[in-house]
Structure formats: structure tokens, C-alpha cells
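See structure below.
The values are calculated or read from the model by the stated rules, or taken from the named source; none is laboratory data. This structure is a prediction, so every number in the text was calculated from the model and none was measured. Cβ atoms come from the backbone with ideal geometry, glycine included; neighbour counts cover every protein chain shown.
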Ligand SMILES: [Zn+2]
């Protein structure tokens with residue numbers, strides 16, 4: 001008798017369902033945990049909310065520290081992982097930014113990005129738009145060309161070797177000064193052909209989106225797309241979502257789960273066709289009158305264009321998008337058709353040419369049909 005969790009883990013690790021011969025595939029939609037795990041593993045996916053620095057696994061930190069002749073204040077990987085204890089966003093960010101100090105050279109950024117893209121490709125992510133935080137690297141004296149250069153080289157190699165396409169989003173760190181964010185933008189603009197957009201991350205408390213109005217305008221004028229984090233349960237959270245949508249004309253919202261508390265903002269976001277990148281591991285629990293509500297479920301039921309993403313997987317139990325979707329499926333009672341819809345939302349709202357989008361949607365449709373689901 002096999003342990004049920006072992007079977008599910010094996011199913012996740014198994015070759016992609018779409019690679020199986022027709023006779024071996026399920027002819028009906030998944031109805032139990034094992035089939036559901038296999039269905040999720042094989043689902044063609046896109047990811048838009050993943051911080052590259054948040055994919056820096058403890059093992060890689062040790063390898064990069066050794067290569068760069070740095071010493072880490074932990075005896076080994078396990079001791080480092082045991083230190084990943086946080087109770088709120090600031091305590092998480094402290095651990096997160098400390099971890100980045102091993103990233104120094106172009107090769108380090110290559111290894112970081114290639115590591116994520118390999119993992120994502122192994123989970124059938126066809127396309128990713130990845131965040132990075134240049135201010136944190138610039139202030140340590142790492143030149144922007146090393147950061148963008150290493151990531152860009154990894155993107156090209158991963159596309160060629162693994163078949164995964166990707167683009168890059170520069171994030172402003174909202175808890176640093178507006179001047180520091182502008183310096184990072186100015187440093188990166190000569191490389192704007194390597195970027196697809198700008199975003200806004202880090203600690204929202206006391207740092208509303210309008211602090212970066214000038215930055216977003218400048219980036220937009222340079223031809224870049226605009227997204228921004230609206231973290232859950234922040235002060236003036238609905239006001240910040242409104243500012244992002246109305247005043248700053250954000251094209252996408254990262255997290256944004258509190259929107260379900262405002263029917264007016266839900267209607268506005270739907271009328272604008274705004275996608276939301278939900279990370280259930282981090283942003284799923286919206287508090288409403290002291291009670292947690294399932295933001296993913298409510299956003300889907302409200303008809304918002306929601307995708308599911310992994311955020312900072314190296315700091316969240318090394319759960320990448322497949323594991324996040326398996327968990328979300330259980331927590332939010334997602335049906336197979338809803339899982340297909342989530343990936344359809346993602347491909348439909350990716351910042352890519354129509355031809356590329358059509359190719360992804362055709363693969364998603366074929367996959368859904370192979371499970372007897374109408375896409
Ligand atoms: Zn994030």
C-alpha cells in the first residue's frame with residue numbers, strides 16, 4: 001500500500017501528461033487527488049509573479065558564497081532554512097534582502113535566473129515574466145549590466161535549451177527613496193529592450209503607489225508596461241488599489257486580494273480588464289472584519305482575471321508553481337475547468353505578441369481536450 005502523499009508527489013514528478021501516449025491519458029476529467037496532481041503537473045502554465053531573488057535557494061546561496069569568498073552566518077543549508085522564520089512582511093523582507101548579498105557577478109545572476117527557469121520548465125511553465133530588484137544590487141555596488149546581462153543570457157539559453165520563454169520586469173522597492181528608484185530606472189533604461197515592464201514591490205506600509213507616479217510615467221513613456229503590488233491587508237489597501245488603477249493606470253495588479261471587499265473596485269477592474277497575479281501562499285488570506293476569507297476563490301467567483309503564482313518560492317518551503325496550484329486546488333476547491341481558466345487568464349494577459357499567445361492557448365486547449373474538458 002503506497003502512502004497517498006507519495007503517490008501525489010510521484011505524480012507531480014512524473015513526465016508531463018501531454019507527453020503520454022493517448023491510451024495512457026485520462027479520458028475524463030480528474031476526480032481524485034492522484035489524477036488531479038497529474039492534471040496540474042501537465043497543465044501548460046504561465047507565471048507572472050515570481051521574484052528572481054525569491055528563487056535563491058539556500059543551496060545556491062552556499063555555492064555562490066563559496067565562489068565569491070564570502071562566509072555565511074549559518075553552519076549549513078539546513079541551519080539556514082531553519083532561520084527562515086517570519087511573522088509579517090517586514091520580518092520576511094529582512095531575511096529576503098540579507099540573502100541577496102551573495103549575488104555579485106554576471107554569472108551569479110545567470111545562475112539564479114537559469115535555476116528558476118529550469119525549475120519552471122520542468123513544471124511545464126511555457127512562459128514567465130520575472131521580477132528583479134535592481135536597487136538592492138546597485139546599493140551593494142553591483143553594476144546594472146551584470147544584473148540585467150546575466151539574467152538576459154540565462155533567458156536566451158533557457159529558451160534555446162529548455163523551450164521556456166521569459167521576459168523581465170524591473171521592480172521599484174517602495175520602502176527605499178523615490179530618488180533611489182529613479183536612479184535604478186535611469187541606470188536600466190539603456191537596456192530597456194531587455195525589459196518588458198516595471199513593477200512595485202517591498203513594504204507598502206507608508207509607501208503608497210503615488211510615491212512612484214513620476215517613475216511609472218517615465219517607464220511608460222519608454223514603452224514599458226506597468227504593474228504594481230497591492231499587498232493584502234495593508235493600510236488604506238482599497239485606496240491604494242484605486243490609485244493604482246485610476247491615477248497610475250496600472251495594467252496589472254500583483255496580489256490585490258482585498259479588492260473583493262469593494263464591489264465598486266471589482267466592477268472597475270473588470271471593466272478595465274485588469275489581471276491579478278495571486279500568490280495563494282502569501283496573498284491568499286484576506287482579513288475581513290477579523291475573519292480570513294479566501295481571496296482566490298472570491299476573486300474567481302467575482303469574474304476577475306486571476307492567475308496563480310509562486311512569489312518567493314525559495315522562502316516558502318521551495319513550493320514552485322505546481323506545488324502552489326496543488327495546494328490552491330485543495331484550499332479553494334478549484335475545479336479542473338477553473339484551473340484551465342486560470343492558465344487561460346494568464347496566457348491571455350501576458351505581455352507577448354498575438355502569435356505567441358495563440359500558440360500557448362492552442363496548447364492549453366489541446367491539453368484540456370485530452371482530459372475531456374471543454375477549454
Ligand atoms: Zn511579490
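Would you pick out the residues in region 216-234 that are more than 16 Å from the ligand (Cβ to nearest atom) and assigned to a loop (DSSP other than H, G, I, E, B)?
Answer for region 216-234, where residues must be more than 16 Å from the ligand (Cβ to nearest atom) and assigned to a loop (DSSP other than H, G, I, E, B): 222, 223, 224.
Any residue at all in region 344-352 that's modelled with pLDDT of 95 or more, touching a helix residue (DSSP H, G or I) at 6+ places or on another chain (Cβ under 9 Å), crowded, with 23+ Cβ neighbours inside 10 Å and over 22 Å from residue 226 (Cβ atoms)?
No, the conditions are met nowhere in region 344-352.
Residues checked against (1) over 19 Å from the mean Cα position of the chain (by Cα); (2) assigned by TED's automatic domain parsing to the domain that holds residue 204; (3) at negative phi:
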{"residue": "252", "(1), (2), (3)": "no, yes, yes"}
{"residue": "255", "(1), (2), (3)": "no, yes, no"}
{"residue": "264", "(1), (2), (3)": "yes, yes, yes"}
{"residue": "267", "(1), (2), (3)": "yes, yes, yes"}
{"residue": "271", "(1), (2), (3)": "yes, yes, yes"}
{"residue": "277", "(1), (2), (3)": "no, yes, yes"}
{"residue": "285", "(1), (2), (3)": "no, yes, yes"}
{"residue": "292", "(1), (2), (3)": "yes, yes, yes"}
{"residue": "307", "(1), (2), (3)": "no, yes, yes"}
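Test residue 368 against the criterion of being more than 16 Å from the ligand (Cβ to nearest atom), touching a residue at least 12 places away in the same chain (Cβ under 8 Å) and more than 17 Å from the chain's Cα centre (by Cα), and give yes or no.
Numbers: more than 16 Å from the ligand (Cβ to nearest atom): yes; touching a residue at least 12 places away in the same chain (Cβ under 8 Å): yes; more than 17 Å from the chain's Cα centre (by Cα): yes.
Considered against the rule, which asks whether it is more than 16 Å from the ligand (Cβ to nearest atom), touching a residue at least 12 places away in the same chain (Cβ under 8 Å) and more than 17 Å from the chain's Cα centre (by Cα), residue 368 comes out as yes.
Please indicate, with yes or no, whether at least one residue in region 348-363 is in a helix (DSSP H, G or I) and within 16 Å of the ligand (Cβ to nearest atom). Write out each step before concluding.
First pass over region 348-363, keeping only residues in a helix (DSSP H, G or I): 348-349, 354-363.
Among the residues that remain, those that are also within 16 Å of the ligand (Cβ to nearest atom) are: none.
For region 348-363, residues in a helix (DSSP H, G or I) and within 16 Å of the ligand (Cβ to nearest atom): absent.
Looking at the structure I just gave you, is residue 63 part of a helix (DSSP H, G or I) and either at pLDDT below 95 or within 25 Å of the chain's Cα centre (by Cα) (or both)? Working first, answer last.
On the way: part of a helix (DSSP H, G or I): yes; either at pLDDT below 95 or within 25 Å of the chain's Cα centre (by Cα) (or both): yes.
Yes: the conditions hold for residue 63.
Of everything in region 243-262 that's away from the ligand (no atom under 16 Å from the Cβ) and assigned to a loop (DSSP other than H, G, I, E, B), which residue is farthest from residue 212 (Cα to Cα)?
Within region 243-262, the match that is farthest from residue 212 (Cα to Cα) is 262.
Here are 276, 282: which of them is buried (at least 21 other Cβ atoms within 10 Å of the Cβ) and in a helix (DSSP H, G or I)? Walk me through how you get there before you give the answer.
Values: 276 fails: in a helix (DSSP H, G or I).
Answer to the selection: 282.
How many residues, within region 291-317, are away from the ligand (no atom under 13 Å from the Cβ), in a loop (DSSP other than H, G, I, E, B) and modelled with pLDDT under 95?
The qualifying residues number 1.
Output the number of the condition that residue 240 fails; it satisfies all remaining conditions of (1) in a helix (DSSP H, G or I); (2) within 24 Å of residue 347 (Cα to Cα); (3) touching a helix residue (DSSP H, G or I) at 6+ places or on another chain (Cβ under 6 Å); (4) within 16 Å of the ligand (Cβ to nearest atom).
The number of the failed condition is (2).
For region 185-215, give me the residue count where each residue is farther than 26 Å from residue 147 by Cβ and within 16 Å of the ligand (Cβ to nearest atom). Quick ask: steps written out before the conclusion?
In the first step, residues of region 185-215 are kept if they are farther than 26 Å from residue 147 by Cβ; the result is 205-206, 208, 210.
Pick out the ones that are also within 16 Å of the ligand (Cβ to nearest atom) and you get 205.
Of the residues in that region, 1 qualify.
Which one of the conditions (1) in a helix (DSSP H, G or I); (2) touching a helix residue (DSSP H, G or I) at 6+ places or on another chain (Cβ under 9 Å) does residue 166 fail to meet, given that it meets all the rest?
Of the numbered conditions (1) in a helix (DSSP H, G or I); (2) touching a helix residue (DSSP H, G or I) at 6+ places or on another chain (Cβ under 9 Å), the odd one out for residue 166 is (1).
Among the residues of region 66-103, count how many are closer than 17 Å to residue 319 by Cα, in a helix (DSSP H, G or I) and within 16 Å of the ligand (Cβ to nearest atom).
Number satisfying all stated conditions: 2.
Any residue at all in region 145-158 that is surrounded by 17 or more Cβ atoms within 10 Å (Cβ to Cβ), in a loop (DSSP other than H, G, I, E, B) and in the same structural domain as residue 307 (by TED's automatic domain parsing)?
Within region 145-158 (the criterion being surrounded by 17 or more Cβ atoms within 10 Å (Cβ to Cβ), in a loop (DSSP other than H, G, I, E, B) and in the same structural domain as residue 307 (by TED's automatic domain parsing)), the answer is no, since none of the residues qualifies.
Which condition breaks for residue 265 when tested against (1) more than 16 Å from the ligand (Cβ to nearest atom); (2) at pLDDT below 95?
(2)
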